[in-house]
């Protein structure tokens with residue numbers, strides 16, 4: 001008799017196997033033998049976004065502004081396909097920088113569908129166990145367990161903030177008022193200090209208007225009252 005873990009694995013394989021999009025990682029094969037569970041994906045030359053965003057040495061980043069925006073655009077297209085191009089739609093539930101893989105041309109490939117949930121159109125799903133990564137999880141999802149594509153939109157907004165600032169979503173090494181990236185960025189905007197949020201490791205700063213548009217887009221993603 002098939003156990004729950006085996007059933008979950010089969011569902012995951014079926015979910016990933018039917019998804020085909022240039023900004024989603026492709027599943028090449030899988031193994032399910034005894035206690036062994038393995039998924040085989042296409043190789044991504046530039047590893048994942050987290051590796052390139054967060055440096056211990058503070059060196060100038062190899063990701064300039066245009067490359068970062070290119071990666072974000074690809075990520076958005078991949079998520080839009082999951083939300084709007086499939087029936088039932090797929091909510092990823094764990095959008096974060098380490099789950100954005102990068103090919104040799106810095107094209108984004110959204111990966112790790114291990115937490116993905118299939119949803120019928122216009123549906124929400126109430127879960128008894130909140131899934132995702134701390135710092136990226138939408139507060140309303142964490143509070144109510146109500147899951148829909150807005151959960152991914154919030155996580156994407158945090159990712160945009162991460163790209164703009166070079167900071168992690170939660171950083172306990174910083175002063176108390178700066179630990180939470182979302183709250184810190186909101187406060188900086190309210191104080192008209194947008195220019196100060198830019199990642200200091202960027203090779204070159206974008207024009208002020210471009211930066212402000214990116215920040216506004218990020219804030220709309222994390223705003224529970226924003227229009228769809």
- If you take the residues in region 1-24 that are surrounded by 16 or more Cβ atoms within 10 Å (Cβ to Cβ) and out of contact with any helix residue (DSSP H, G or I) (no Cβ under 8 Å at 6 or more places or on another chain), which one is farthest from residue 90 (Cα to Cα)? 9
- Is one or more of the residues making up region 52-59 in contact with a strand residue (DSSP E or B) (Cβ under 8 Å, 6 or more places away or on another chain), outside any loop (DSSP other than H, G, I, E, B) and surrounded by fewer than 18 Cβ atoms within 10 Å (Cβ to Cβ)? no
- Quick one: which residue in 101, 82, 28 is in contact with a helix residue (DSSP H, G or I) (Cβ under 9 Å, 6 or more places away or on another chain), part of a strand (DSSP E or B), at pLDDT 85 or above and under 24 Å from residue 13 (Cβ atoms)? 101
- Only helices (runs of 4 or more DSSP H) wholly contained in region 135-228 count here; list those with 1 or more residues that are modelled with pLDDT under 95 and in contact with a strand residue (DSSP E or B) (Cβ under 9 Å, 6 or more places away or on another chain). 139-144, 149-165
- residue 216 is checked against (1) out of contact with any helix residue (DSSP H, G or I) (no Cβ under 6 Å at 6 or more places or on another chain); (2) under 16 Å from residue 156 (Cα atoms); (3) surrounded by 15 or more Cβ atoms within 10 Å (Cβ to Cβ) and fails just one. What number does that condition carry? (3)
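The values are calculated or read from the model by the stated rules, or taken from the named source; none is laboratory data. All values reported here derive from a predicted model rather than from experimental measurement. Heads up, the Cβs are rebuilt from the backbone with ideal geometry, glycines too, and the neighbour counts pull from every protein chain shown.
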